[in-house]
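The values are calculated or read from the model by the stated rules, or taken from the named source; none is laboratory data. Everything numeric in this text was worked out from a predicted model, so none of it was measured. Note that we place each Cβ from the backbone using ideal geometry, even for glycine, and neighbour counts take in every protein chain shown.
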Amino acid sequence: MQASTIRNLMLSLLVLGVAGSVVSLGTFAQFNAVTTNPNNTFSTGFVEVTNTVNSGTGCNSFSGGGGASNSPQTCSTFLTLSNMIAGDSKVGTLTIQNSSTSNGPVQLALSLSSSTSNTIVSNTPNATSSSGAALLLFRCVGTGNYNQPASCNTSSGKLFPLYGTCTGTPTMGASGFGSSQVASANSADANIVIGGVTCTPTATALNAVTGISINGPDSVPSPGSTGTPALGMNAGTSENMAGVVYLPGTAGNTQSSNGTNTATLTFNWTATGIGSAH
């Protein structure tokens, strides 16, 4: 066979191979339909709480970046008692509202800080003559159920203990909670009678009260948990509280110092956002 004939035959086979390849590639072609979801914008909100003392003017605080009233904010005085003697007490009411514009619930915690350290704030409340001052904190409720908060001015409402314990549920007066519902502190122990019920303070000095969880009235999701919900405050709801600070009747002359045994307490409320309810 001549060389030219062989060359032509090889070229013909090459063309057939290329054509075969093209046909082979074509067997893998697919139809495609494409959709997109553009403009998915994410932004952060903020936690906002409103602190109102004795039905006065509310004091707003935002989490960082929330606005002009970024945390922390100094609000009105909650409880003050001057020239205390054994058995003296002071009452006050406070409302903390979850006023966040976002839907997330918050959990509330209380800590106290003191300007000085003396026996009034550094000694635990107890049955000895060196007893320090005591704090009791209650949720104001209308029916006695812990998860049904009501104004502390509710007629014939009740007090659910949040800090400290009681032998029952103290009652409020006809015009709400006030000093008339608090008897003189007992002279034999650190207890005090409130709303007809004996209450016992937590055995912690005032300047050592820190990170106390105020378990709110609402069931809120526990972060990272699918179990039983925790308690907190959903957006738009409030924690209505009544506080009592007193010097137990057992306090002796060692606590008497002509008004110089003085300390200024600050109530620090921290509201922590824990995500939207689900």
Q: Run down N32, N51, N37 and say which single residue is at pLDDT 85 or above and surrounded by 10 or more Cβ atoms within 10 Å (Cβ to Cβ).
A: N51
Q: Go through N261, N253 for me and flag whichever is at pLDDT below 90, farther than 19 Å from A109 by Cβ and loosely packed, with under 13 Cβ neighbours inside 10 Å.
A: N253
Q | Verdict on G164 being without any contact (Cβ under 8 Å) to a residue 60 or more places away in the chain, under 19 Å from W269 (Cβ atoms) and not aliphatic (A, V, I, L, M) | A | yes
Q. Take the residues of the range 69-98 that are without any contact (Cβ under 8 Å) to a residue 40 or more places away in the chain and in contact with a strand residue (DSSP E or B) (Cβ under 6 Å, 6 or more places away or on another chain): which is surrounded by the most Cβ atoms within 10 Å (Cβ to Cβ)?
A. C75
(Q) Considering only residues that are among the small types (G, A, S), within 26 Å of V193 (Cα to Cα) and not in a strand (DSSP E or B), which ones fall in the range 98-138? (A) S122, A127, S129, S130, S131, G132, A133
Q: Scan (1) under 16 Å from R139 (Cα atoms); (2) modelled with pLDDT of 90 or more; (3) small (G, A, S) for the single condition A205 breaks and write down its number.
A: (1)
Q | Search result, residues across the range 195-223 that are of a type in the set (A, V, I, L, M), within 21 Å of T167 (Cα to Cα) and out of contact with any Leu (no Cβ under 7 Å at 6 or more places or on another chain) | A | V197, A203
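Conditions tested, residue by residue: (1) without any contact (Cβ under 8 Å) to a residue 60 or more places away in the chain; (2) in contact with a strand residue (DSSP E or B) (Cβ under 7 Å, 6 or more places away or on another chain); (3) surrounded by fewer than 18 Cβ atoms within 10 Å (Cβ to Cβ); (4) in a loop (DSSP other than H, G, I, E, B).
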{"residue": "C140", "(1), (2), (3), (4)": "no, yes, no, no"}
{"residue": "L159", "(1), (2), (3), (4)": "no, yes, no, no"}
{"residue": "T169", "(1), (2), (3), (4)": "yes, yes, yes, yes"}
{"residue": "A188", "(1), (2), (3), (4)": "no, no, yes, yes"}
{"residue": "V193", "(1), (2), (3), (4)": "yes, no, yes, no"}
{"residue": "A203", "(1), (2), (3), (4)": "no, no, yes, yes"}
{"residue": "G232", "(1), (2), (3), (4)": "no, yes, no, no"}
{"residue": "E239", "(1), (2), (3), (4)": "no, yes, no, no"}
Q. Within the range 219-230, is even one residue in a loop (DSSP other than H, G, I, E, B) and within 30 Å of T262 (Cβ to Cβ)?
A. no
Q: For S179, indicate whether it is under 19 Å from V53 (Cβ atoms), surrounded by fewer than 22 Cβ atoms within 10 Å (Cβ to Cβ), over 26 Å from the mean Cα position of the chain (by Cα) and without any contact (Cβ under 8 Å) to a residue 60 or more places away in the chain.
A: no
Q | Which numbered condition G164 fails, given (1) more than 25 Å from the chain's Cα centre (by Cα); (2) buried (at least 17 other Cβ atoms within 10 Å of the Cβ); (3) under 26 Å from T262 (Cβ atoms) | A | (1)
Q. For the range 99-119, what are the residues that are closer than 22 Å to L159 by Cβ and either crowded, with 20+ Cβ neighbours inside 10 Å or at pLDDT below 90 (or both)?
A. Q107, L108, L110
